[in-house]
Each structure stands twice: as C-alpha cells, then as structure tokens.
1. Karplus couplings for the stretch 54-66 from phi (6.51 cos²θ - 1.76 cosθ + 1.60, θ = phi - 60°), rounded to Hz, Gly and Pro as x?
2. Modelled label-to-label distance, residue 70 and residue 110, 7 Å Cα→beta-carbon offset: nm?
3. Can you list residues whose amide H is under 5 Å from residue 28's amide H, if they're 5+ apart or on another chain and H is modeled 1.01 Å from N?
4. What ³J(HN,Hα) values, in whole Hz, does the Karplus curve 6.51 cos²θ - 1.76 cosθ + 1.60 give for the stretch 88-100 when θ = phi - 60°, with x put for Gly and Pro?
5. From the P(r) of the stretch 23-150, can you give the percent of Cα pairs sitting at distances over 18 Å?
6. Can you pull the percent of Cα pairs in the stretch 62-104 with separation above 14 Å?
7. Using a 1.4 Å probe on the protein heavy atoms only, what accessible surface does residue 73 show? Give it in Å² to the nearest 10.
8. What's the Kirkwood radius of the stretch 25-82 in Å, using all Cα pairs?
Amino acid sequence: MLQRKLVAFVGVLALSLASVGCSAGGGATVAEQRALWARRNIVNYRFQLRQLCFCPDSGKPFEIRVQDGVVVEVKNGTTGEMLDPSRFTYYPTIEGLFDKLQDAVERNAYQLQVTYDSTYGFPASASIDYDKRAVDEEYGFEVSAFTPLP
C-alpha cells in the first residue's frame, strides 16, 4: 500500500515538473510556440498589455504599437495618454514576452503557466513564480486586442 502511494506521488511530481515551461493547452514548449509565432512573420502589430508584477503601473492596460519589431507607441489604455518614448523599455514586444518566458524556463522557475493565442501563437497570458519561498518576485501578463498591421 505504501509503495503504491509512493509510486503515485512520484508520478504526480514528475507531471508537475514536466509542466514547468509548457503551455496550459497542448503541452507546447516556449521554444515551439516562439517558432510558430516566428513563422507568422508579423513585425507590425498592436496589442493591449496588462503586466501583473510589483512594478509601476501593475494591472493597468497599455496599448502598444510595434513597427518592424520595435515598440513605437505606448498609450495608457484607461486615459488614452501617450507615454514618453523614454518609458517604452518597460513595455515589451511579443518577442520580449517570449524572452521573459524563456528566462523563466532557463532560471528553472518554481511555477510557469502560459496560455497561447490559438491563431497567431503568441503568449496570451502567463504567470511566473520564480521562487516558492520568495515574495514580490512573481510576474504575469495578459495580452488582448492583438491586431496585425500592414
């Protein structure tokens, strides 16, 4: 009886460890999803981003416009106010979001949960907890209103 419980525990543990770095749907890895996104070859687009972290503007929506893979415009999604270009570095492109996910994989984050957009393959939402014992190091995001641009 104890041996069966131990085997069941080891199986659950293995599944939990295997899920780190995988999507919630389909089990694709960050690298596989990044490759899918890259095949779409979308370099001009806009989207709305909510970053969930212990950082300025956490939870607030921002509209980001990317041209040739570079952030060229960031607008406060609530007020419509345009942000100064000096603040653009705080707002990632889709590639930048993939970089954050890959960083979590490489740092062996305690927990990584990701969902991907079924049409374009970009990360639609993520929750990262780098260290089970630490506080204030978690990071998450939600992407919405994605629109490819000419």
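1. Residue by residue, the stretch 54-66 yields 8, 8, x, 6, 4, x, 8, x, 10, 8, 10, 10, 10 Hz.
2. Calculated label separation equals 3.9 nm.
3. For residue 28, whose amide H was placed from the backbone, the distant partners under 5 Å are 23.
4. 4, 5, 7, 10, x, 7, 4, 4, x, 5, 4, 4, 4
5. Values: 4257 of 8128 pairs.
Every Cα pair in the stretch 23-150 considered, those over 18 Å come to 52 percent.
6. Numbers: 429 of 903 pairs.
Of all Cα-Cα distances in the stretch 62-104, 48 percent exceed 14 Å.
7. 40 Å²
8. Numbers: mean 1/r = 0.0754 Å⁻¹.
The answer is 13.3 Å.
The values are calculated or read from the model by the stated rules, or taken from the named source; none is laboratory data. All values reported here derive from a predicted model rather than from experimental measurement. Neighbour counts are summed over all protein chains in view; Cβ atoms, including those assigned to glycine, are modelled from backbone coordinates with ideal geometry. In case anyone asks, the SASA skips ligands and DNA or RNA and just uses the protein heavy atoms, side chains included. Shrake-Rupley method; radii C 1.70, N 1.55, O 1.52, S 1.80 Å.
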